[in-house]
1. If I filter the range 91-112 for residues that are touching an Asp or Glu at 6+ places or on another chain (Cβ under 7 Å), modelled with pLDDT under 95 and within 16 Å of ligand 1 (Cβ to nearest atom), do I get at least one hit?
2. Working only within the range 222-253, note down all residues that are surrounded by 13 or more Cβ atoms within 10 Å (Cβ to Cβ), modelled with pLDDT under 90 and among the aliphatic types (A, V, I, L, M).
3. In the range 95-115, is there at least one residue being under 24 Å from G186 (Cβ atoms) and in contact with a Gly (Cβ under 8 Å, 6 or more places away or on another chain)?
4. Please find, among I102, I84, I70, I56, the residue that is among the hydrophobic types (A, V, I, L, M, F, W, C) and farther than 18 Å from L156 by Cβ.
5. Can L57 be described as out of contact with any helix residue (DSSP H, G or I) (no Cβ under 6 Å at 6 or more places or on another chain) and within 15 Å of ligand 1 (Cβ to nearest atom)?
6. Quick check on the range 193-202: of everything there that is buried (at least 22 other Cβ atoms within 10 Å of the Cβ) and more than 16 Å from ligand 2 (Cβ to nearest atom), which residue is nearest to the chain's Cα centre (by Cα)?
7. Taking the range 293-311 as the region of interest, how many residues are in contact with a strand residue (DSSP E or B) (Cβ under 9 Å, 6 or more places away or on another chain) and not in a helix (DSSP H, G or I)?
8. If the requirement is being aromatic (F, W, Y), under 30 Å from F142 (Cβ atoms) and either surrounded by fewer than 17 Cβ atoms within 10 Å (Cβ to Cβ) or within 16 Å of ligand 1 (Cβ to nearest atom) (or both), which of these qualifies: Y14, Y86?
Amino acid sequence: MNHVIEINNLSKDYETGFWRKRKVRALDSLDLNVKGGQIFGFLGGNGAGKTTTIKILMSLLYPTEGMAKILGRDISDVQMHSSIGYCPENPYFYDYLTAREIMNYFGELFGLSTERRKTRTEQLLTSVGLSEKDWDRQLRKFSKGMLQRVGLAQALINSPEVVFLDEPMSGLDPIGRREIRELIVGLREKGTTVFMSTHILSDVESLCDEVAILRKGRLAATGNLTDLLSETGGTRSFEIVVSGVSPVALNEDLTAVAGATTAFHPSGARIEVLAEEDIDRVFPMIRKNGGRLVSVTPVKQSLEDLFVRETKADEVSA
Ligand SMILES: Nc1ncnc2c1ncn2[C@@H]1O[C@H](COP(=O)(O)OP(=O)(O)OP(=O)(O)O)[C@@H](O)[C@H]1O
Ligand SMILES: [Mg+2]
């Protein structure tokens, strides 16, 4: 299998406090392999260790233990870094420069020709949704979302093979989020591997092929998103929607069905049962109480359920 990112037994302790005596283990023996050409979602609650991992991969932090490779080369390999891109969590630039100047600066770092820098800058600033009138404005006059867009454009100046995005959607308005989602999908179409951390689970569901969930610096779950969601039960319960039912009487009858819950609304009720055979038991009760069946739907586990379970498990047992 061709992995573009290989992480082996990676750990990071931050030394904090007076004399740096206290150690905080931010990352604990992380093993993770990421296949090329996909969008990989790196998930976890606040403080789970996502940014720490990305910073180690970018060679901005030294790991306490372990090693990692990108594109088959050790993360300390300087040349490899010219084939990857990185947009930090809160992009910060020298803010007296304009968007165009920043792009030009990074283009120069990567050794692009003047002509190439110009075309690439204009292409990228357009694709991240920055209008032409803002290209020559100083960044200190930019909003948070506008800076985020510059950060993304900057990460792509060298047409990287792998791009690391630490919360690329943060600070973006709904239109911005859609534009950036489209940009990310476009990257995958061109064969770029995207490794992104995010808290926006709906974006993960619509974008990511595979995910990893971190919990307190450890890997809690990883794999193909569809498999992960179906693995743990797949269908969790069934939702039965009925109309014109008498609430009190139906509620009384439903006490015979273990685990059934009901929510009444003016035009009817929504009943949730845990097992498929319970559906047949509920049907006669609906009829008996003057109700009419509207729909029966299997309720699938959502990414949110998975996320909450995987990131909370520790707290319950701790
Ligand atoms: N410079 C630092 N010094 C000491 N501890 C740190 C430092 N940076 C991060 N940490 C700690 O390391 C842990 C992981 O932090 P990290 O920033 O990697 O989390 P994250 O998953 O990116 O969180 P978020 O979703 O909030 O961005 C946290 O407990 C944090 O307090
Ligand atoms: Mg972070």
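1. Looking through the range 91-112, none of the residues is touching an Asp or Glu at 6+ places or on another chain (Cβ under 7 Å), modelled with pLDDT under 95 and within 16 Å of ligand 1 (Cβ to nearest atom).
2. Listed by number, the residues that qualify are L225, L228, L229, V245, A249, L250.
3. Scanning the range 95-115 turns up no residue that is under 24 Å from G186 (Cβ atoms) and in contact with a Gly (Cβ under 8 Å, 6 or more places away or on another chain).
4. Checking each option against the conditions leaves just I56.
5. When the stated conditions are applied, L57 passes them.
6. V194
7. Residues in the range 293-311 being in contact with a strand residue (DSSP E or B) (Cβ under 9 Å, 6 or more places away or on another chain) and not in a helix (DSSP H, G or I): 9 in total.
8. Checking each option against the conditions leaves just Y86.
The values are calculated or read from the model by the stated rules, or taken from the named source; none is laboratory data. Everything quoted here is computed from the prediction, not taken from an experiment. Using ideal geometry, Cβ is built from the backbone for each residue, glycine included, and neighbour counts are taken over all protein chains shown.
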